[in-house]
Amino acid sequence: QQQVKQSPQSLIVQKGGISIINCAYENTAFDYFPWYQQFPGKGPALLIAIRPDVSEKKEGRFTISFNKSAKQFSLHIMDSQPGDSATYFCAAIYSGGYQKVTFGIGTKLQVIP
Amino acid sequence: DTEVTQTPKHLVMGMTNKKSLKCEQHMGHRAMYWYKQKAKKPPELMFVYSYEKLSINESVPSRFSPECPNSSLLNLHLHALQPEDSALYLCASSLGQGGIQPQHFGDGTRLSIL
């Protein structure tokens, strides 16, 4: 049972374009939603995170939009660069539990020059 | 550079071998985790240690044996592994186990079982 659904599984964007990755969750107990970026041969690195009482969070070129009523959230990468080419995982955590991170399936992003 | 250090980076072992993976962090974190990641898949939680005590075992086969000698170190002892155990093994740590505590991952050990 996939508790966090992520799409698309792969994405090709031209340099300078906007990359958009969408996620949806089912468990309303989730109360923390991080995004991880993973380069080949590296571990996942926390990129940006949001709590459901906030509708948007921006850090540099990365923005999370959160729609609590729809149980959806998305990552927008503005002015995408070839160095952003990586796999992105959305995730959800229930802070009252034991910190189990429920990951989405992952999106492989390729930014072409 | 990640603040969670894992050794070795690569490991090839036979099905009858015994080996150990090591993980170290010096961030003062009190929760540490082992994950398994297969190619093109998200990480899957294996074990959680909180204050050096095993708090979660996600029904992992006994051929994987975790150990937390102190608050900075986490080991994963491997014995009689199967070819399907070939994967990237990731260690992570967080400040604590309760509340909202982002997990910081190491770069993993790439394990191949012959």
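The values are calculated or read from the model by the stated rules, or taken from the named source; none is laboratory data. All of these numbers come straight from a predicted model, not from anything done at the bench. Here the Cβ is made from the backbone with ideal geometry for all residues, glycine too, and neighbour counts use every protein chain on show. Remember, those area values only see protein heavy atoms, side chains included, never the ligands or the DNA or RNA. Shrake-Rupley method; radii C 1.70, N 1.55, O 1.52, S 1.80 Å.
Annotations for the structure displayed:
- The listed residues are B:SER94, B:SER50, B:SER71, and the only one of them that is within 13 Å of chain A (Cβ to nearest Cβ), crowded, with 16+ Cβ neighbours inside 10 Å and over 22 Å from A:TRP35 (Cα atoms) turns out to be B:SER50.
- Taking each residue of segment B:14-32 that is over 13 Å from B:GLN101 (Cβ atoms) and looking for partners that are loosely packed, with under 14 Cβ neighbours inside 10 Å and among the hydrophobic types (A, V, I, L, M, F, W, C) with beta-carbon atoms closer than 6 Å, six or more apart or interchain, yields B:GLY14/B:LEU114.
- Scanning segment A:76-113 for residues that are more than 8 Å from chain B (Cβ to nearest Cβ) and aromatic (Phe, Trp, Tyr) returns A:TYR88, A:TYR94.
- Looking only at segment A:39-57, and only at residues there that are facing chain B (nearest Cβ under 10 Å) and open to solvent by 20 Å² or more (accessible area, probe 1.4 Å), the one that is nearest to A:LEU109 (Cα to Cα): A:PHE39
- Meets criteria (more than 10 Å from the chain's Cα centre (by Cα) and surrounded by 13 or more Cβ atoms within 10 Å (Cβ to Cβ)) for A:GLY17: yes
- The residue that is nearest to the chain's Cα centre (by Cα), among those in segment A:82-94 that are touching a residue at least 40 places away in the same chain (Cβ under 8 Å) and open to solvent by 50 Å² or more (accessible area, probe 1.4 Å), is A:TYR94.
- Candidates are the residues of segment A:3-26 that are farther than 15 Å from A:CYS90 by Cα and of a type in the set (A, V, I, L, M); the one that is nearest to the other protein chains (Cβ to nearest Cβ) is A:ILE12.
- All positions within segment A:95-113 that are in a strand (DSSP E or B), of a type in the set (A, V, I, L, M) and surrounded by 14 or more Cβ atoms within 10 Å (Cβ to Cβ): A:VAL101, A:LEU109, A:VAL111
- When residues of segment B:1-47 are limited to those that are modelled with pLDDT under 90 and open to solvent by 90 Å² or more (accessible area, probe 1.4 Å), the one nearest to the other protein chains (Cβ to nearest Cβ): B:ASP1
- The condition (being assigned to a strand (DSSP E or B) and among the aliphatic types (A, V, I, L, M)) is satisfied by just one residue among B:LEU74, B:LEU81: B:LEU74.
- Unmet criterion (only one of (1) crowded, with 19+ Cβ neighbours inside 10 Å; (2) farther than 22 Å from B:GLY108 by Cβ) for A:GLN3: (1)
Residues are listed down the side, and each one gets a yes or a no for (1) over 11 Å from the mean Cα position of the chain (by Cα); (2) away from chain B (no Cβ under 14 Å); (3) surrounded by 14 or more Cβ atoms within 10 Å (Cβ to Cβ):
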{"site": "A:THR28", "(1), (2), (3)": "yes, yes, no"}
{"site": "A:TYR36", "(1), (2), (3)": "no, no, yes"}
{"site": "A:GLU59", "(1), (2), (3)": "yes, no, no"}
{"site": "A:ALA70", "(1), (2), (3)": "yes, yes, no"}
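- The set of residues in segment B:3-13 that are under 23 Å from B:ILE100 (Cα atoms) and hydroxyl-bearing (Ser, Thr, Tyr) contains only B:THR5.
- Of all residues in segment A:8-37 being assigned to a loop (DSSP other than H, G, I, E, B) and at pLDDT 95 or above, the one that is nearest to A:ALA86 (Cα to Cα): A:GLN9
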